[in-house]
Amino acid sequence: LPTVNVAVLGATGSIGTATIDVLHHLDRIDETKTWNLWAASGHRNVQLLGELAGQFKCPPHQIVLSDPKSATEFAAGSTLANTQIKTGAEALVEIASAPEVDVVVAAIVGRAGLESTLAAIESGKRVALANKETLVVAGSLVQATLSNMASSGSRAEVLPVDSEHSAIFQCLGDKERGSASENTCKPRKLILTASGGPFRNASIRQMQDATPELALNHPTWDMGPKITIDSATMMNKALEVIEARWLFDIPAESIEVVVHPQSIIHSMVEFEDGSVMAQMSPPDMRLPIQYALTYPRRLACETPALDRTRQWDLTLQPVDRERFPALELGFEVARVGGTAGSVVNAANEEAVGLFLEGKIRFTDIVPACRRALEHHHFEPQPSLTRLLELDRWARAEVRKQYAT
Ligand code: NDP
Ligand code: MG
């Protein structure tokens, strides 16, 4: 059987470990392909990465611990005879572009995932993209790179792992159906659903006093800490609006957000004839991860079916933009593009870190991003170097605001 070599970047995270589950599952049920973990990365979680690598009959050829101290620790304790152990951000780029690798799962959190994701695209891989921050920071560069790659005959592609974008991708159907020849009906709106997070019904006052513990308590999804806080502020949905803008090359005006507390409708597409297609499934990331790996094939998935023996409530509500100002910010960034995404993303990463350390209030996070956006010198067509400079600048700005 042909083998699919997969590199999982961020294997020790919430998406990473779910991906490892999916690989084991696919290897059991796929009758036409063998699924192989060729490389895996973690940052500091030495023990978990060792356990995950040890689960495979054929352990990964390369392991990266991007944190150098952790790499030394891993190497000292490793019993994996044929595995190379590397460290540093360059090593992530190396495994993302290794010629043996077919699919790269980009599941590092935050801007730290940017270079390796870009490298995977530039090396012609299929990228299963969880790391939405790459598109938020450098969406136009990703788009330009993909179109250059396509014109030089490369098969590089970015497929969504984010459940909303996977839903939209599924509703749009095959590329042929989505991209509308003259007689087909085009998509008119992409409608992203949002659970509303733990503070869906909270007052501004309650949010001001919210502790990290409360904010980390997501009602429907079990995810890493950064995206869980992003869901509580709804910055996650803002980042997803920007992600959708670049992934589907659609203007911000054609994107909408609705609150859907049950997290069963993962998103919808409204077509020009008024028809709305929705994708539904239980809230479990293994489905969108698997679809990004096997697309265009749909294989049986380990996720349980929706329980239809009880009454079903599927609620859709408008977002309260006053309590959740992040959303407006997201639409603005999606509209203007340029350097805005890099600045807002960096300010958000920094502010979320400060909130989790107990140094700022929950309700300081979004205003910190807004201030960074407004104080930066906007450029419509920045280089990667400029985007990374602004990333550092925005982080420093946020720290400066809150230095006591
Ligand atoms: P986690 O925090 O659970 O995992 C993050 C991963 O990135 C870990 O493997 C971690 O390593 C690694 N990492 C952390 N910092 C660095 C760094 N500086 N350099 C290299 N690697 C690093 O995050 P999630 O899995 O929740 O999220 C990952 C991405 O997927 C995010 O972009 C998120 O927005 C997106 N996403 C997540 C969803 C979810 O359900 N969790 C849903 C949709 C999108 P270690 O732990 O070893 O230190
Ligand atoms: Mg999502």
Checked region 233-256 for anything under 17 Å from the mean Cα position of the chain (by Cα) and either at pLDDT below 95 or under 16 Å from residue 324 (Cα atoms) (or both); matches are 233, 234, 235, 236, 237, 238, 239, 240, 241
Those residues of region 259-279 which are under 19 Å from the mean Cα position of the chain (by Cα) and among the hydrophobic types (A, V, I, L, M, F, W, C) amount to 264, 265, 268
For region 371-388, state whether one or more residues are closer than 29 Å to residue 214 by Cβ, in contact with a helix residue (DSSP H, G or I) (Cβ under 9 Å, 6 or more places away or on another chain), modelled with pLDDT of 95 or more and among the charged types (D, E, K, R).
yes
Residues of region 193-222 being at pLDDT 95 or above, surrounded by fewer than 18 Cβ atoms within 10 Å (Cβ to Cβ) and either more than 20 Å from the chain's Cα centre (by Cα) or within 11 Å of ligand 2 (Cβ to nearest atom) (or both), in sequence order, are 201, 203, 204, 205, 206, 208, 209, 211, 212, 213, 214
From the option list 386, 335, single residue qualifying as assigned to a helix (DSSP H, G or I) and within 22 Å of the chain's Cα centre (by Cα) is 335
The condition from (1) more than 30 Å from residue 100 (Cα to Cα); (2) within 14 Å of ligand 2 (Cβ to nearest atom); (3) in contact (Cβ under 8 Å) with a residue 24 or more places away in the chain that residue 171 misses is numbered (2)
Of the residues in region 34-47, those that are more than 16 Å from ligand 1 (Cβ to nearest atom) and either farther than 18 Å from residue 287 by Cα or touching a Phe, Trp or Tyr at 6+ places or on another chain (Cβ under 8 Å) (or both) come to 34, 36, 38
Exactly one of 155, 126 is crowded, with 18+ Cβ neighbours inside 10 Å, of a type in the set (Lys, Arg) and away from ligand 2 (no atom under 16 Å from the Cβ), and that residue is 126
Residue pairs within 6 Å by beta carbon, gap of at least six or interchain, first lying in region 13-33 and of a type in the set (Ser, Thr, Tyr), second away from ligand 2 (no atom under 16 Å from the Cβ), listed first then second, are 19/8
Log entry, pairs with first residue in region 145-156 being more than 14 Å from residue 119 (Cβ to Cβ), second being at pLDDT 95 or above and assigned to a loop (DSSP other than H, G, I, E, B), beta carbons closer than 7 Å, six or more apart or on different chains, reads 155/124
Flagged pairs (Cβ under 6 angstrom, 6 or more apart or on separate chains; first in region 227-240, near ligand 2 (Cβ under 9 Å from one of its atoms); second assigned to a loop (DSSP other than H, G, I, E, B) and among the small types (Gly, Ala, Ser)) are 231/197
With the first residue restricted to region 381-404 and required to be closer than 14 Å to residue 353 by Cβ, and the second required to be of a type in the set (A, V, I, L, M) and outside any helix (DSSP H, G or I), Cβ contacts under 8 Å at 6 or more apart or on different chains are 402/360
Those residues of region 95-141 that are within 14 Å of ligand 1 (Cβ to nearest atom) and not small (Gly, Ala, Ser) come to a total of 18
Selection status of residue 52, more than 16 Å from ligand 1 (Cβ to nearest atom) and buried (at least 17 other Cβ atoms within 10 Å of the Cβ): no
Within region 150-166, restricting to residues that are more than 9 Å from ligand 1 (Cβ to nearest atom) and of a type in the set (D, E, K, R), the one that is farthest from residue 131 (Cα to Cα) is 155
Item to complete: Would you check if there is a residue in region 366-382 being part of a helix (DSSP H, G or I) and loosely packed, with under 15 Cβ neighbours inside 10 Å?
Response: yes
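The values are calculated or read from the model by the stated rules, or taken from the named source; none is laboratory data. Owing to the predicted nature of the structure, the values given are computational and were not obtained by experimental measurement. Every residue, glycine among them, receives a Cβ derived from its backbone with ideal geometry; neighbour counts consider all protein chains shown.
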